[in-house]
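Beneath this line is the structure, given in structure tokens, with notes to follow.
The values are calculated or read from the model by the stated rules, or taken from the named source; none is laboratory data. What you see is a predicted model, and the numbers here were worked out from it, not measured in a lab. With ideal geometry, Cβ positions are generated from the backbone for all residues, glycine too; neighbour counts draw on all protein chains shown.
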Amino acid sequence: MIAHTVRRAIIMAAGEGTRLRPLTLATPKPLIPVNGVPMIESCIGALHENGIREIYVVVGYKKEQFAHLPAKYPGLTLIENPWYDACNNISSLYAAREHIEDAIILDGDQLIRDPAALAPDFDRSGYNCVWTEGHTDEWLLTVENGVVTHCSRTGGSHGWQLYSVSRWSAEDGQRLKKHLELEFEEKKNRGIYWDDVALFCHPTDYRLGVRPMNRGDVVEIDSLADLAAADPSYRHLLKEG
């Protein structure tokens, strides 16, 4: 029996994308096309394939360039993050905190290769992950009896590599909203990732799980090298070794 169903999505798209300069000097990273399709539209298309059309896109850097999306995708709403240039991405989810219940949260600067990675049904709040035997520098989760017990920011091996796709039940969404307000408003803890809130600031208040997927179902574009690997037309931007 399915415990929860995603009813809405939050796409994080406010950052400056400094690691993809010079491209992002003119274009927000989520709007950079990969094989002719802007990265954020890869995300939106996959959400639509899963019947998720209530979508909130958090914008900040060059926000005006996203203005065409609501008309192109009915059901999509833009939310402005006025703190994007002074705070880490906790500020983006704080700006969208009224919409976290029964939500899937994802970054807009990644490619969704398999729409099934954004399937709406889930049993436990938590993250899409890929099992990793070898070493990774990415965040790595340890799971016992289906529940996340530890997260390593510095990576490791033999664990679940975390990707920027997560689902939150109504109950956990309410809890996350309160914790975001506590950290952002009261503690002024504005230099952290929003993921830190559940994984590091208040880990005992959640019983998160992982949603296994295959490597390549979701492709994170973190550098010009990643971009060139996904779309060879960008190879000219790589510096000669």
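Of all residues in region 5-47, those satisfying the criterion of being touching a residue at least 40 places away in the same chain (Cβ under 8 Å), assigned to a strand (DSSP E or B) and among the β-branched types (Val, Ile, Thr) are Thr5, Ile10, Ile11, Val34. When region 117-138 is filtered for residues that are modelled with pLDDT under 95 and within 23 Å of Ala13 (Cβ to Cβ), only Glu138 remains.
Could you go through region 48-55 and let me know if any residue there is in contact (Cβ under 8 Å) with a residue 12 or more places away in the chain, farther than 23 Å from His179 by Cα and touching an Asp or Glu at 6+ places or on another chain (Cβ under 6 Å). No: region 48-55 contains no residue that is in contact (Cβ under 8 Å) with a residue 12 or more places away in the chain, farther than 23 Å from His179 by Cα and touching an Asp or Glu at 6+ places or on another chain (Cβ under 6 Å).
Let's see how each residue does on (1) outside any helix (DSSP H, G or I); (2) touching a strand residue (DSSP E or B) at 6+ places or on another chain (Cβ under 6 Å):
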{"residue": "Asp172", "(1), (2)": "no, no"}
{"residue": "Leu182", "(1), (2)": "no, no"}
{"residue": "Ile192", "(1), (2)": "yes, no"}
{"residue": "Thr204", "(1), (2)": "no, no"}
{"residue": "Val219", "(1), (2)": "yes, yes"}
{"residue": "Ala225", "(1), (2)": "no, no"}
{"residue": "Tyr234", "(1), (2)": "no, no"}
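Note on region 1-47: among residues that are within 18 Å of Ile112 (Cβ to Cβ) and among the polar types (S, T, N, Q), the one that is surrounded by the most Cβ atoms within 10 Å (Cβ to Cβ) is Ser42. Could you tell me whether any residue of region 144-152 is in contact with a Gly (Cβ under 9 Å, 6 or more places away or on another chain), in contact (Cβ under 8 Å) with a residue 12 or more places away in the chain and in a loop (DSSP other than H, G, I, E, B)? Yes, some residue in region 144-152 is in contact with a Gly (Cβ under 9 Å, 6 or more places away or on another chain), in contact (Cβ under 8 Å) with a residue 12 or more places away in the chain and in a loop (DSSP other than H, G, I, E, B).
With the condition kept exactly as written, say whether any residue in region 153-165 is among the polar types (S, T, N, Q) and in contact with a Cys (Cβ under 7 Å, 6 or more places away or on another chain).
Yes - at least one qualifying residue is present in region 153-165.
I'm trying to understand the selection: among the residues of region 197-216, which are farther than 21 Å from Ala119 by Cβ and touching a Cys at 6+ places or on another chain (Cβ under 9 Å)? Within region 197-216, Leu199, Phe200, Pro203 qualify. Search region 124-143 for residues being assigned to a loop (DSSP other than H, G, I, E, B) and not hydroxyl-bearing (Ser, Thr, Tyr), and hand back the single one that is surrounded by the most Cβ atoms within 10 Å (Cβ to Cβ). The extreme case among them is Trp139. Checking the structure you have, find out if any residue of region 48-69 is part of a strand (DSSP E or B), surrounded by fewer than 21 Cβ atoms within 10 Å (Cβ to Cβ) and more than 17 Å from the chain's Cα centre (by Cα). No, region 48-69 has no match at all.
Condition check ((1) touching a Cys at 6+ places or on another chain (Cβ under 8 Å); (2) at pLDDT 95 or above; (3) not small (Gly, Ala, Ser)) across all residues:
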site	(1), (2), (3)
Arg8	no, yes, yes
Ile11	yes, yes, yes
Thr24	no, no, yes
Cys43	no, yes, yes
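For region 157-166, a residue qualifies if it is surrounded by 18 or more Cβ atoms within 10 Å (Cβ to Cβ) and out of contact with any helix residue (DSSP H, G or I) (no Cβ under 9 Å at 6 or more places or on another chain), and the qualifying residues are Gly159, Trp160, Gln161. Could you check region 116-138 and list, in sequence order, the residues that are touching a helix residue (DSSP H, G or I) at 6+ places or on another chain (Cβ under 8 Å) and more than 24 Å from Gly45 (Cβ to Cβ)? Ser125 - this is the single residue of region 116-138 that is touching a helix residue (DSSP H, G or I) at 6+ places or on another chain (Cβ under 8 Å) and more than 24 Å from Gly45 (Cβ to Cβ).
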